[in-house]
1. Of the cross-linked pairs K36/K227; K68/K135; K27/K216; K71/K224; K27/K224; K43/K64, which ones have a Cα-Cα span greater than 30 Å in the structure shown?
2. May I ask you to derive the FRET efficiency for E39 and N213 from their Cβ-Cβ distance with R0 = 30 Å, giving the value to the nearest 0.05?
3. Taking the Cβ of each residue in L70, L110 as the centre, tally the other Cβ atoms inside 10 Å and list the residues starting with the fewest.
4. By count of other Cβ within 10 Å, fewest leading, how are H203, H26 ordered?
5. For q values of 0.12, 0.18 Å⁻¹, compute log₁₀ I(q)/I(0) with the Debye formula on a Cα-only model of segment 110-231, without solvent.
6. Order by neighbour count: S167, S193, fewest other Cβ atoms within 10 Å first, most last.
7. What FRET efficiency do you get for T199 and I225 if R0 is 25 Å and r is their Cβ-Cβ distance, rounded to the nearest 0.05?
8. May I ask you to evaluate 6.51 cos²θ - 1.76 cosθ + 1.60, the Karplus curve with θ = phi - 60°, for each residue of segment 74-79 and list the ³J(HN,Hα) values in order in whole Hz, giving x for glycine and proline?
Amino acid sequence: TIASKLYISRSHLVRLFKNVTGESIHKYIVLRRVLKAKELLSKGFTAIEACQAAGFNDYSNFVKAFRKVLKITPSQFVKKDFTGASVNDIIHTVENKETNDKTAIKLPDLIITDFSWYPEYPVEGDEVTFSAAVKNTGTAPTPSGAVIGIGFCVGSSVNWAASTTVSWANYSSNPLCPGESVLLKAEGGRNGSPNWIATPGMHDVTAVVDDLNRIKELNEENNKIIKYLYVSKK
C-alpha cells in the first residue's frame, strides 16, 4: 500500500492527505476518475466504456459521480456539443479552490530554511552540534506558549523509522509571527548531551521542525530537510 511504502500508518496518511489537498483520499480518487472518464468520452468512448476504463465498478455510481462533479450526465455529455472547461481547466479550478481554502485558514506553517553543524568538517570522535533556522510561512502566529521543537536525526533519509534522533532544540518564548524566523541550537540529546559524537563515513542528517506535532499547521509535509555529512577518520 501507499502507507507502507511511505513507512507511515494508514490513519496518518489519511490525515496528511486531507491537510495537504483539502479533500479526503476517496473524494480525490473519485474526482480524478470522473475527469479521466470525461477525457475518454471526448475521444469517442461510450459511457459504459469510459466508466470501466476510468476505474468505476458500478455504472449507477459512475453516473452520480460524473453529474456531481460536472453538472451533466455522461449521456448528456456525449449527445451535446459540450463546450465547457477542459479536463485541465477543471483540475486547475479544483487546485485553485484548495489553495484559496488554505489561504483562508489562519494557521502557522513552520519550515526549516537551513541547518548546519559545528565543527563544519568533523573528524571521528568530534562532538558535533546542530543548529537550524526556522521560519513561519503560514497565515497566523504560533500559539502563545507553544513549544517549537526541532529534532536532529542521523541515519536513513529513506526510512524515517530507522533514523536515530541524536539531539533536539526547543523554543517557547514569544509567538513566531508569519514571516519571522528564529535560530535554534541543539540543547538536549539522547545521552544527556546536545552533541553527537561523530563516527566515520557519510551520514544522512535530517532536521525536523515540530517533530512532536505540538502545533497545528497549514502543511505538515514541509517540516524536514536532509543534508549529507561526511566524517573523516582520525
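Read-outs throughout are calculated quantities, based only on the coordinates presented, and are distinct from any laboratory measurement. Source: prediction; values computed, not measured. Please note: Cβ atoms are built from the backbone with ideal geometry, for glycine as well, and neighbour counts cover all protein chains shown.
1. Cα-Cα > 30 Å for K36/K227; K68/K135; K71/K224; rest within.
2. Working: r = 39 Å, r/R0 = 1.30.
It comes out at approximately 0.15.
3. On the way: L70 19, L110 24.
Listed from fewest to most nearby Cβ atoms, that is L70, L110.
4. Values: H203 20, H26 9.
Taking fewest neighbouring Cβ atoms as first place, the list is H26, H203.
5. Each listed q maps to, in turn, -0.42, -0.89.
6. Working: S167 23, S193 14.
Arranged by neighbour count, lowest to highest, S167, S193 become S193, S167.
7. Values: r = 22 Å, r/R0 = 0.87.
According to the calculation, E is roughly 0.70.
8. Result, rounded to whole Hz: x, 5, 5, 4, 5, 6.
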